[in-house]
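Let me begin by presenting the structure, written as structure tokens, before commenting on it.
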Amino acid sequence: MDVNKLNKIIKLLPGYNCKACGYKRCDIFAEELLNGETSLDKCPFLFREDFKENMKELKELLKDVEYKKEVKPEVEKEEKKLIGVIDGYEADFLLDPLPNEHSCRETLIITDKRPLKIGDYIQYRPLGCPIPHFAKIIDENHGLYIAHIEGPCHRITGEEKEYINVGIAMVVAFEGIVIGKVPEVGHTVKFIPNHCMMQKVHSGVVVEVEGNRVYIEGIDLKVW
């Protein structure tokens, strides 16, 4: 292996070690790029404007690499459009659950005055959504409740769970893993939460990004 070329590739990669490419660290990703085992399009950060010049240099460094396992070196490939089922709007990305979790995290404002605690199962209808949600509270932060969607699978499986009906709740944030191009902080985005039964496009503002993990606030079911 050409060590000098490898070091150049490592320096041109983002260096975030976010694992979005499928490897634990950027230096491992660099080795696999040089070995022809993967391709540049596996790194979402290289599509950002601030890495545009890096991408050009990387493509030049890797132009003679023989790709294995039918890996395609072309980065400028046409992406499949992500369209909401209910409204037909185009989304920027799909939002998947965090690792080892089964749904995206929803942050809720619940106006019901009954005391709630972590571990409680609740039933609520998000403001603007016609579908009742069944969820488990996994955290609480200054009066905001973070929940995982848990149903209504219980209606099919017959599993008995005691849900507290808290009426209408406002979903103010989502947290999950981006499937697609990772957005930048401050950008308004359109996305589909993977667990959404209607597969409806939501919108919001990105306030935190860590690798391909994002936190989106100001959630709206209207898309302008």
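Find out how many positive minus negative residues lie around Ile168, taking Lys and Arg as positive, Asp and Glu as negative, among other residues whose Cβ is under 13 Å from that of Ile168. Kindly include the intermediate steps, with their values, before the conclusion.
Details: positive: Arg125; negative: Asp112.
After counting each charged neighbour, the total is 0.
Can you tell me how much longer the chain between Asn165 and His187 gets when fully stretched, taken as 0.36 nm per residue apart minus their C-alpha distance, in nm with one decimal? Provide the component values of the computation, followed by the final result.
Details: separation 22, 0.36 × 22 = 7.92 nm, distance 3.43 nm.
Length difference between fully extended and current span is 4.5 nm.
Take the Cα radius of gyration of the range 1-125 and divide it by 2.2 N^0.38 Å, with N its residue count; two decimals is plenty. List each step's numbers first, then the result.
Values: Rg = 20.6 Å, N = 125, 2.2 N^0.38 = 13.8 Å.
Here the Cα radius of gyration is 1.50 times the empirical estimate.
Could you work out how much longer the chain between Tyr89 and Lys42 gets when fully extended? Use 0.36 nm per residue separation minus the Cα distance between them, nm to one decimal. Walk me through the numbers on the way to the answer.
On the way: separation 47, 0.36 × 47 = 16.92 nm, distance 2.60 nm.
Full extension of this stretch gives 14.3 nm more.
At 1.4 Å probe radius, can you tell me the per residue accessible area of the range 107-224 in Å²?
Details: 6310 Å² over 118 residues.
Heavy-atom accessible area per residue stands at 53 Å².
If I compute Cα extents along the principal axes in Å from the structure I just sent, which labelled value in (i) 102, 42, 34; (ii) 45, 44, 39; (iii) 65, 35, 34 lines up?
Entry (iii).
Counting only other residues whose beta carbon sits under 10 Å from that of Val223, what net charge do I get with K and R as +1, D and E as -1?
Details: positive: Lys190, Lys200, Lys222; negative: Asp87, Glu90, Asp220.
Charge balance in the 10 Å sphere: 0.
For the range 99-224, what is the Kirkwood hydrodynamic radius in Å, using each pair of distinct C-alpha atoms? All intermediate terms of the calculation are to be shown ahead of the outcome.
Values: mean 1/r = 0.0662 Å⁻¹.
Averaging 1/r across every pair of different Cα atoms and inverting gives 15.1 Å.
For the chain, with the dipole built from +1 on Lys and Arg beta-carbon atoms and -1 on Asp and Glu ones, taken about the Cα centre, which of Val85, Val3, Pro132 lies farthest toward the positive end?
Most positive-ward Cα: Pro132.
With everything on Cα atoms, drop me the angle between helix 52-61 and the longest principal axis of the chain, reported from 0 to 90° to the nearest 10.
40
Would you mind giving the average projected area, over all directions, of the Cα convex hull of the range 1-44 in nm² with one decimal?
Values: hull surface 10.6 nm².
The directionally averaged projection comes out at 2.7 nm².
Taking R0 as 35 Å, what's the FRET efficiency between Lys81 and Glu57 from their Cβ-Cβ distance, rounded to 0.05? Display every interim value, and only then the final one.
Working: r = 30 Å, r/R0 = 0.86.
That gives a FRET efficiency of 0.70.
Which pairs in the list Lys56/Lys222; Lys19/Lys52; Lys8/Lys81 are over 29 Å apart, alpha-carbon to alpha-carbon?
Working: Lys56/Lys222 38 Å; Lys19/Lys52 20 Å; Lys8/Lys81 34 Å.
Beyond 29 Å between Cα atoms: Lys56/Lys222; Lys8/Lys81.
As a test question: what accessible area, to the nearest 10 Å², does Ile109 have when a 1.4 Å probe is rolled over all protein chains in place?
70
Nearest 10 degrees is fine. How inclined is helix 26-35 to the longest principal axis of the chain, computing both from alpha carbons?
Computed tilt is about 50 degrees.
How much of the accessible area of the chain, in percent, comes from carbon and sulfur atoms when a 1.4 Å probe is used?
On the way: 6600 of 13200 Å².
Heavy-atom surface of the chain belonging to carbon and sulfur, 1.4 Å probe: 50 percent.
Roughly how much of Met55 is accessible, in Å² to the nearest 10, using a 1.4 Å probe?
Around 20 Å² of this residue is reachable by solvent.
How large are Rg and Dmax for the range 88-157 when only the alpha carbon atoms are used, in Å?
Cα only, the range 88-157: 13.3, 39 Å (Rg, Dmax).
Would you mind getting the Kirkwood hydrodynamic radius of the range 160-205 from its Cα pairs, rounded to one decimal in Å?
Working: mean 1/r = 0.0762 Å⁻¹.
Roughly 13.1 Å, rounded to one decimal.
The values are calculated or read from the model by the stated rules, or taken from the named source; none is laboratory data. These numbers come from a predicted model, not from an experiment. Note that we place each Cβ from the backbone using ideal geometry, even for glycine, and neighbour counts take in every protein chain shown. All accessible areas refer to the heavy atoms of the entire protein, side chains included, with ligands and DNA or RNA removed. Shrake-Rupley method; radii C 1.70, N 1.55, O 1.52, S 1.80 Å.
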